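Visitor: Structure provided below as structure tokens; questions to follow.
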Amino acid sequence: MDMLDFFPSSILQAADTSWQTVTIAQRASSAFRDHDLSGTIGYLLLGLLFTAGLLTVLGLVLIYAERKLAGHFQCRLGPMRVGWHGILQSAADGLKLLLKEDIVPENADKLLHLGAPVLSLMATVLTLAILPLSPTLQVVDLNIGVIYVTAVTSLGVLAILIAGWSSNNKWSLLGAMRAGAQIISYELSATLSLLVMVLLSGSLQLSEIIQSQSDGWWIWKSHLVGVIAFVTFLISTTAELNRTPFDLPEGESELTGGFHTEYSGLRFAFFFLAEFVNMFVASALIVTLFFGGWMPFYIGGWDGFNSIMGLIPPGIWFAGKSAFFIFLLMWFRWTFPRLRIDQLMSLEWKILLPVGFINIFLAALIVLFEWHF
Amino acid sequence: MDYFLVLLLAGLGVTLVGGGLIASRLFAPRNPGGVKNEAYECGEETIGSSWVHFNVGYYLFALIFLIFDVEAAFLFPWAVVFRDLGGVAFLEVGIFILVLIVGLIYAWRKGVLEWV
């Protein structure tokens, strides 16, 4: 069967989307235009509180999910003691870390040692704020969204390098150097995948990229190009997140703890939090670029099915899709063994990067001749 | 307003860490000194500083990275307006990328991409 028959043009009619993106920042500026000062400040505070709340909730939920999943993958139960099925475990852990002594090695660069977790969490907060969670649930919608994401996420590398250097510990330094090499390498193919999606959707704004998928998600619409971009993006974000099988910078069995060896108490907690929330950011980006963001799943012509799908609110769609990719990342951890550093480098430079370049050419051709649906 | 909020959010990141650390300073015990504050080296006494000349084996990777990253920065505006520019833009950027790919192939053949 021909691809074009399989995806009938009725997909276009199925998704009758009249979603208008209204961000918290836009509400604040419209209040500002109306000389409504309390409204402006209120919306700005709402944006900040929402981001802080999201950060906390995601941290608690994801750390619990990771431990619970890790347990079940290994035929254990995972945390069970604190609350029902251990549901309060990560809150208890947070409290414990708060009450632990904050040890700074005496030979460390004190200022930079403090600055690294700040930078790490700041990068996470900044990326979290521009994710389009639903048409009305987005803090800021920058018109250069995709470039902003690549720029801000690379602050995270800087935090890791600073942490490793300032600790004045050999393990930390080695871990940080590995992390630096790994993350900047994989950033290239992640950027190339982003570039493909920008080519296809013709916009850098995350909300517009989602709107461009109202007639079908890019993963279906773009022939093979979107799939290749998706796979490279998935691999390279896993590497950028320092997650297994790319967890060389932290490899417990070789580097004790990598860059955060000398971090204890809350400073360690902030690195940990940033790492887990970055996992959500990465999944949310994958969902936004390739899987239609908060768009419901429609099948062309199946009106009854589509109307049921349309009843589920966009925020739930986004959360559900992101949860799937977070699960995938956690699954990777218990499936793939850790790579060796030379395997890691050659995977990026000899496979992913050339594939990424070829993919860009293909994507440009598809856009040029309008082969996509 | 967008970028003002981004600035505020950056402040939020700093405040969260700062506030957390102040709270931890209030509640947590503080008892520094002795071997506890030495850099961790698997229980042995710390030998020297780690701020030494470090052979960054990947500096060549870093160089190639720089080239391709700048190239990506050039390609973003091209990707946004590509629909309106059409075939000429495709050829021009094609030549641009090909030149860089020749560079990558050169580095590859020279053995720069081998990790030793």
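FYI, it's all coordinate maths here, none of it is from the lab. As the structure is a computational prediction, the values presented were derived from the model and not from experiment. Here the Cβ positions follow ideal geometry from the backbone for every residue, glycine too, while neighbour counts run over all protein chains shown.
Visitor: Return the sequence-ordered ³J(HN,Hα) values of the range A:285-290 in whole Hz as given by the Karplus equation 6.51 cos²θ - 1.76 cosθ + 1.60 applied to θ = phi - 60°, using x for Gly and Pro.
Guide: 5, 4, 4, 5, 7, 10
Visitor: Could you tell me the relative contact order of the range A:219-289? Use alpha-carbon pairs under 8 Å, at least six residues apart, and round to a whole percent.
Guide: Computed over the range A:219-289, the figure is 23 percent.
Visitor: Length gain on complete extension for the stretch B:Y106 to B:R83, per 0.36 nm per residue less the alpha carbon to alpha carbon distance?
Guide: Result: 5.0 nm gained on full extension.
Visitor: Hey, another quick one. What aspartates and glutamates sit close enough to B:K36 to cross-link, taking a C-alpha to C-alpha distance under 18 Å and skipping anything fewer than 8 places away on the same chain?
Guide: Partners within reach: A:E101, A:D102, A:E106, A:D109, A:E262, B:E44, B:E45.
Visitor: Relative to the longest principal axis of the C-alpha atoms of chain A, give the angle of the C-alpha long axis of helix A:37-73, reported between 0 and 90° and rounded to the nearest 10°.
Guide: Result, in degrees: 70.
Visitor: A further question follows. Stretched out fully, how many nm does the piece from B:L66 to B:A23 gain, at 0.36 nm a residue minus the Cα gap?
Guide: Result for the pair: 11.4 nm of gain on full extension.
Visitor: Relative to the longest principal axis of the C-alpha atoms of chain B, give the angle of the C-alpha long axis of helix B:59-85, reported between 0 and 90° and rounded to the nearest 10°.
Guide: Long axis of B:59-85 versus the principal axis of chain B: about 50 degrees.
Visitor: Distance check, please: which entries in A:K68/A:K221; A:K96/A:K170; A:K68/A:K321; A:K100/A:K170; A:K170/A:K321 exceed 30 angstrom between their Cα atoms?
Guide: Listed pairs above 30 Å: A:K68/A:K221; A:K170/A:K321.
Visitor: Follow-up question, since we're still on this one. Between A:I308 and A:A92, what is the spin-label point distance in nm, taking each point 7 Å from the Cα along the Cα→C-beta axis?
Guide: Output for this residue pair reads 4.0 nm.
Visitor: Separate question: How do the peptides A:291-300, B:62-71 rank, highest first, by the average count of neighbouring beta carbon atoms within 10 Å per residue?
Guide: Per-residue mean Cβ counts within 10 Å order the peptides as A:291-300, B:62-71.
Visitor: Still on this model: Can you give the mean number of other chain Cβ atoms that lie within 10 Å of the Cβ atoms in peptide B:37-44?
Guide: For peptide B:37-44, the averaged partner shielding equals 5.
Visitor: Something else now. Using a 10 Å cut-off on Cβ to Cβ distances, tally the other chain neighbours for every residue of B:45-52 and report the average as a whole number.
Guide: Counting other chains' Cβ atoms within 10 Å and averaging over B:45-52 gives 4.
Visitor: Using alpha-carbon pairs under 8 Å, 6+ residues apart, how would you state the relative contact order of chain A in percent?
Guide: The normalised contact order for chain A reaches 23 percent.
Visitor: Regarding the protein assembly as shown, what is the average projected area of its C-alpha convex hull, in nm²?
Guide: 26.6
Visitor: Still on this structure: In whole Hz, with x marking every Gly and Pro, tabulate ³J(HN,Hα) for the range A:186-198 from phi via Karplus 6.51 cos²θ - 1.76 cosθ + 1.60, θ = phi - 60°.
Guide: 6, 4, 4, 6, 4, 5, 5, 5, 4, 4, 4, 5, 5
Visitor: Calculate the mean, over all residues of peptide B:70-82, of how many other protein chain Cβ atoms lie within 10 angstrom of the residue's Cβ.
Guide: Per residue, the average neighbour count from other chains is 6.
Visitor: If you fit an axis through the alpha-carbon atoms of helix A:110-129 and take the longest principal axis of the Cα set of chain A, what angle between them do you get, 0 to 90°, nearest 10?
Guide: So the helix axis and the longest Cα principal axis differ by about 20 degrees.
Visitor: Moving on. For the range A:334-364 and the range B:68-101, what is the centre-to-centre distance using only Cα atoms, to the nearest Å?
Guide: When both Cα centres are located, 21 Å separates them.
Visitor: While we're here: For chain B, what is the convex hull (Cα atoms) projected area averaged across all directions, in square nanometres?
Guide: 14.7
Visitor: Any idea how far apart A:R333 and A:E106 come out in nm if each label point goes 7 Å out from Cα toward Cβ?
Guide: Going by the 7 Å Cα→Cβ label model, 3.6 nm.
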